[in-house]
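Asks: Take a look at the following structure, please.
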Amino acid sequence: MRRLTLSSSWLALAAYLLLSVLLFASAWRDPFIVQVGAGTDGLLAMWFLKWLPFAVSHGQNPLLTNYVDYPAGANLMWNGSMPLVDLVLAPVTTTLGAVFAYNIMATLAVALSAWSAFLLIRRYVERALAAAIGGLLYGFSPYMMAHLLGHPALFIVFLPPLIFLLLDDALIRQERRPLATGILLGLLGGAQFLIGQEVLLLTALMAVIAVVLLIALDPVAIWARAGHALRTVGVAALVFLLVCAVPLAVQFFGPQRVQGIAEGPNIFVSDAFGFVLPSSLQAIAPAWAVHISDRFTGGLAEATNSYLGIGLIILLAIAAIRYWSTPIVRVATLLGTMLAILSMGQTIHYAGHVSRIPVFALALVFPLLARFLPARVMLYGVILLWLGLIRAPLLDNILPVRMMLFVFLAAGVLLAVLIDELLRTPTLPSPASGGGKSWLSSPRRGGKLWPLAGGVLVVAALALLLPSWPYPAATPPLPEFFRSAMVNEVPEGSVALVAPFSGATAHGAAPMYWQAASGMRFRMPEGYIFVPGPSPDPPPSATQRLMRAVEKDGDLTTSFTDTVQHEMLGELESWKVQTIIVGPMPHQDRMIEVFRTLLGREPSYQGGVYVWWQVHG
């Protein structure tokens, strides 16, 4: 194990924090109003930031709610709930606001993710600078830039590298007792579950695949350590269950639990061109390349996170070939390549087109990488196993493209090994002869021209990955009504129908954000949140259909019939709606006409919204 000095560790963290703040300069110019990223998922995350402290202070269950999709409500464990993050940031949220708390969350997530990768990679390289660049690749990767648009559960990824550090302790180094390592591992696993379940599932899958690779590399050595490792994992599993017993019970046995596939298969996958073509989130992104990447299935926040760049791919290939004899290089190379292939889903996509060629066909590249039959057999077996697992409950909701998180972690390890060699002076002894304790430590080989050429390649490869600056930021639309004392006229805890109708539309979670800004003053019979079906919309209703139609084209000539009006009045009564609020939206005048006709009276205009009071009761 390389010695990790406190000075190098804290210096790396400080550098990552500075870079993160600079990256989000647009948001930090006015962090109380402007948020990092854009889109409806960020608004949903801010709703969660407000919900947990509200629920705790009002005696509500923070894992369940009927403040959206009233009266049935929703099971938040099946949604983007991050109870641990929401709890930690509660003091910030309640005092400085959800937008500021969100910006803190995004900024720290990038810095801490890069730092934890640095701590992991430092174990396998001699120099802190090499590990710092490897951590930089992980924490500021295109994967992170894509999900920072609004997927907190996917960009708060500082725990997986720490989990792998403990797994290395459990299976390779084995210097601590199984009890100590197991407790830490269980706590980290529980923490990750309370931050992002999909990342935890992916981390567990990656750990299993990595163990398979290690067994293929040296079965005798791994089996000799199996007893210690199994005891550690057993303790970790017990601790994990103790930590997560309540949220697991709510998720799998509580009301409104979601079953089935929430997202369509073979959509959120890596495009074959996506590995080499940048998106608009990169600083160096020719218009012709962006024109192609904009067509990838899955959209900007998903399919574009596969970008490695031709320069980095060349560097990784050089590292793999040059240091293939090193176990950590073999593991990182095989794991990263396999995950990149699996991230492509079921059939190969190219430039946004979906082919009928199965992704499994790409496994034929492994004979070029694996020089021994056992590894090939293991690799093919893992791929076949994955093709079966993606249809299993829970795992069938994992989006393949999100495996790229671990491709960048593997790439960070390989890049750090390569840079470590470039920084090595010829007089330094090989760590292999210096008593390094980790079985995965690597020997070095030198060269005269290689350091200069390699350094140029590293700079060029990293330049291609630079994110666009400043990073996108947005000001969430918030009418004055919801952030002023005017909203207090709405009876506390009553039901309010808000237009636009919240759900899987362009406006998505905007009404939920308004609800959160009001201090959760009212409940809503709508919401952008997954419920049984599965669906991100509440159960279909005449009110929903009519409001969506108005929002879409404003045409009432055929849809607003007497029958529909009768159904809507019945739904308003069954939902116990006391207030109707029409906020900024497309065809706002037509929506006002709908409720003016339905209720037979004019609204009042307050704080940028139109309000009908005392609708029922």
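Asks: Conditions: (1) touching a residue at least 40 places away in the same chain (Cβ under 8 Å); (2) open to solvent by less than 50 Å² (accessible area, probe 1.4 Å). A249 meets all but one. Number of the miss?
Replies: All conditions are met except number (1).
Asks: For region 293-327, name all the residues that are among the small types (G, A, S), part of a loop (DSSP other than H, G, I, E, B) and modelled with pLDDT under 90. Quick ask: steps written out before the conclusion?
Replies: First pass over region 293-327, keeping only residues among the small types (G, A, S): 293, 298-299, 301, 303, 306, 309, 311, 317, 319-320, 325.
Okay, now just the ones that are also part of a loop (DSSP other than H, G, I, E, B), so 298-299, 301, 309, 325.
Listed by number, the residues that qualify are G298, G299, A301, S325.
Asks: Out of A101, A117, A130, report the one residue that is under 20 Å from W28 (Cα atoms), among the small types (G, A, S) and assigned to a helix (DSSP H, G or I).
Replies: Selected residue: A101, the only one of A101, A117, A130 that is under 20 Å from W28 (Cα atoms), among the small types (G, A, S) and assigned to a helix (DSSP H, G or I).
Asks: Counting just the residues of region 293-315 that are open to solvent by 30 Å² or more (accessible area, probe 1.4 Å) and of a type in the set (A, V, I, L, M, F, W, C), which one comes out nearest to A340 (Cα to Cα)? Spell out the reasoning first.
Replies: Going through region 293-315, the residues open to solvent by 30 Å² or more (accessible area, probe 1.4 Å) turn out to be 294-295, 297, 299-300, 310, 313-314.
From the residues that got through so far, the ones that are of a type in the set (A, V, I, L, M, F, W, C) too are 300, 310, 313-314.
Values: L300: 18, I310: 14, I313: 12, I314: 15 Å.
This residue is I313.
Asks: Only one of A45, A55 is open to solvent by less than 50 Å² (accessible area, probe 1.4 Å), among the small types (G, A, S) and over 26 Å from K576 (Cα atoms); which?
Replies: Values: A55 fails: over 26 Å from K576 (Cα atoms).
Within the list A45, A55, the selection yields A45.
Asks: Is it the case that some residue within region 591-603 is part of a strand (DSSP E or B), touching a residue at least 60 places away in the same chain (Cβ under 8 Å) and crowded, with 19+ Cβ neighbours inside 10 Å? Give the derivation first.
Replies: Of region 591-603, the ones part of a strand (DSSP E or B) are none.
No.
Asks: Does region 535-575 hold any residues that are within 29 Å of Q259 (Cα to Cα), open to solvent by 90 Å² or more (accessible area, probe 1.4 Å) and either outside any loop (DSSP other than H, G, I, E, B) or at pLDDT 95 or above (or both), and which are they?
Replies: Once the filter is applied, which keeps residues that are within 29 Å of Q259 (Cα to Cα), open to solvent by 90 Å² or more (accessible area, probe 1.4 Å) and either outside any loop (DSSP other than H, G, I, E, B) or at pLDDT 95 or above (or both), region 535-575 yields only R545.
Asks: All but one of (1) at pLDDT below 95; (2) part of a loop (DSSP other than H, G, I, E, B) hold for S7, so report the exception by its number.
Replies: (2)
Asks: Here is a further query. Does S433 satisfy the criteria of being of a type outside the set (D, E, K, R), more than 29 Å from the chain's Cα centre (by Cα), open to solvent by less than 10 Å² (accessible area, probe 1.4 Å) and at pLDDT below 95? Steps first, answer last, please.
Replies: Values: of a type outside the set (D, E, K, R): yes; more than 29 Å from the chain's Cα centre (by Cα): yes; open to solvent by less than 10 Å² (accessible area, probe 1.4 Å): no; at pLDDT below 95: yes.
No.
Asks: A further question on this structure: From L19, L96, L13, L84, which residue is over 27 Å from L200 (Cα atoms) and surrounded by fewer than 21 Cβ atoms within 10 Å (Cβ to Cβ)? Don't jump to the end; show me each part of the working.
Replies: On the way: L19 fails: over 27 Å from L200 (Cα atoms); L13 fails: over 27 Å from L200 (Cα atoms); L84 fails: over 27 Å from L200 (Cα atoms).
The conditions single out L96.
Asks: If you scan region 175-218, which residues turn out to be among the β-branched types (V, I, T), modelled with pLDDT under 90 and in contact with a helix residue (DSSP H, G or I) (Cβ under 8 Å, 6 or more places away or on another chain)? Full working, then the answer.
Replies: Step one: list which residues in region 175-218 are among the β-branched types (V, I, T), which gives 181, 183, 195, 199, 203, 208-209, 211-212, 215.
Pick out the ones that are also modelled with pLDDT under 90 and you get 208-209, 211-212, 215.
Answer for region 175-218, where residues must be among the β-branched types (V, I, T), modelled with pLDDT under 90 and in contact with a helix residue (DSSP H, G or I) (Cβ under 8 Å, 6 or more places away or on another chain): I209, V211, V212, I215.
Asks: Restricting to region 604-617, what's the tally of residues that are within 15 Å of A496 (Cα to Cα) and part of a loop (DSSP other than H, G, I, E, B)?
Replies: Number of matching residues: 5.
Asks: Go through region 175-196 residue by residue and tally those that are touching a residue at least 60 places away in the same chain (Cβ under 8 Å) and surrounded by fewer than 22 Cβ atoms within 10 Å (Cβ to Cβ).
Replies: Of region 175-196, the ones touching a residue at least 60 places away in the same chain (Cβ under 8 Å) are 175, 191, 194-196.
From what's left, surrounded by fewer than 22 Cβ atoms within 10 Å (Cβ to Cβ): 175, 191, 194.
Adding up the residues that qualify gives 3.
The values are calculated or read from the model by the stated rules, or taken from the named source; none is laboratory data. These numbers were taken from a predicted model, which means no experiment stands behind them. Cβ sites come from the backbone with ideal geometry, for glycine too, and all protein chains shown count toward neighbours. The accessibility values were calculated without ligands, DNA or RNA, using every heavy atom of the protein model including side chains. Shrake-Rupley method; radii C 1.70, N 1.55, O 1.52, S 1.80 Å.
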